[in-house]
Amino acid sequence: MSPIVPTPELLARFNRDGFLVLPNLLSPAEVAPLRAALERVFAQHSPEAEIYHMQEIWRPKLFEHGEVFEALIDHPGIAGFAEAVLGDDCHMIAQTGLRTMPGKTITFWHLDDTCRFPIPDGVKLDPRIPMPTYVINMNYYLCDVDEELGPTQFIPGSHRAGRAPRPEDNDADGNPTWEGQGLVSSCGPAGTLVLWNDQTWHRGGPNVSQGRTRWVVQTPFARRMIGQRYWPHVNYHMPEDVIARANPRRKRLLGFHGIGAYA
């Protein structure tokens, strides 16, 4: 395991490009049990995935499925980076599993959620002002991901666009560009962590492999003001054993906050 040290240089690169690719964040000894556990989760029927017609590709609330997933919540390699960007009162808003088989990739370019800092056409954000980060999304690769397997792909700097991509942004290959920056693929070996400001234009690259599957755990963190996405949302009750096992930092990252504004 190689912890992320939130140095000024690394934070500047994240703020400039809107994403980071960090190989070997998880060791082989961490990847193997996570991969086995994720395969077990996908072998079971998911009522939540059925509701959203995503039985083949998606599983929510992985922390309900074993301590190996709970350990990612306050993983020493990433919790400090999330807190450096989002504040010491940030929390995890979801923890999901993604199984990407050939032909099953989400290949359209998008922002995650809504555009939070819209900028009018013809106006550019002053380069001295970093684009605010409210959510950091994170993909842990549990297998080697090459171009054929469908890496997450980004348009560097596009989080500063203040809008979603449009058809007129596309190049000759049908992929958007932003201020001269084109598509970058985040390939990497098993154990790689790919993280991004959720306003960065991105997509899952097409899985064009011959029968291989991409296995990913996705763990987004957000500022405290951003609501958590634990289905069925307002009626969700976290399992007591998950709470009982959590140390103080993990409990806060699960959403157990002290008193703050409004409550």
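Quick note: the coordinates plus some simple rules give every number you see, no bench work behind them. The structure displayed is predicted, hence computed values, not measured ones. Methodologically, a virtual Cβ is constructed for each residue, glycine included, from the backbone with ideal geometry; neighbour enumeration extends over all protein chains shown.
Checking R160 against (1) in contact (Cβ under 8 Å) with a residue 40 or more places away in the chain; (2) farther than 21 Å from R13 by Cα; (3) among the charged types (D, E, K, R): exactly one of these is not met. Which one?
The number of the failed condition is (2).
For region 80-134, give me each residue that is within 30 Å of G260 (Cα to Cα), under 16 Å from the mean Cα position of the chain (by Cα) and in a loop (DSSP other than H, G, I, E, B).
C90, I93, A94, Q95, L111, D112, D113, T114, T133, Y134 - these are the residues of region 80-134 that are within 30 Å of G260 (Cα to Cα), under 16 Å from the mean Cα position of the chain (by Cα) and in a loop (DSSP other than H, G, I, E, B).
Here is a yes/no grid of residues against (1) in contact (Cβ under 8 Å) with a residue 12 or more places away in the chain; (2) over 16 Å from R249 (Cβ atoms); (3) among the small types (G, A, S):
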residue: E64; (1), (2), (3): yes, yes, no
residue: F69; (1), (2), (3): yes, yes, no
residue: I78; (1), (2), (3): yes, no, no
residue: G87; (1), (2), (3): yes, no, yes
residue: M92; (1), (2), (3): yes, no, no
residue: P102; (1), (2), (3): yes, yes, no
residue: T107; (1), (2), (3): yes, yes, no
residue: D113; (1), (2), (3): yes, yes, no
residue: R128; (1), (2), (3): no, yes, no
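For region 182-224, name all the residues that are within 15 Å of L20 (Cα to Cα), β-branched (V, I, T), assigned to a strand (DSSP E or B) and touching a helix residue (DSSP H, G or I) at 6+ places or on another chain (Cβ under 9 Å).
Within region 182-224, just V184 meets the criteria.
Kindly check whether there is at least one residue in region 38-46 that is surrounded by 15 or more Cβ atoms within 10 Å (Cβ to Cβ), in contact (Cβ under 8 Å) with a residue 40 or more places away in the chain and touching a helix residue (DSSP H, G or I) at 6+ places or on another chain (Cβ under 6 Å).
yes
Of everything in region 117-146 that's under 27 Å from L62 (Cα atoms) and of a type in the set (D, E, K, R), which residue is surrounded by the most Cβ atoms within 10 Å (Cβ to Cβ)?
D146
Take region 214-236 and flag every residue that is buried (at least 17 other Cβ atoms within 10 Å of the Cβ), over 14 Å from the mean Cα position of the chain (by Cα) and either under 14 Å from T105 (Cβ atoms) or of a type in the set (F, W, Y) (or both).
Correct list: R214, Y230.
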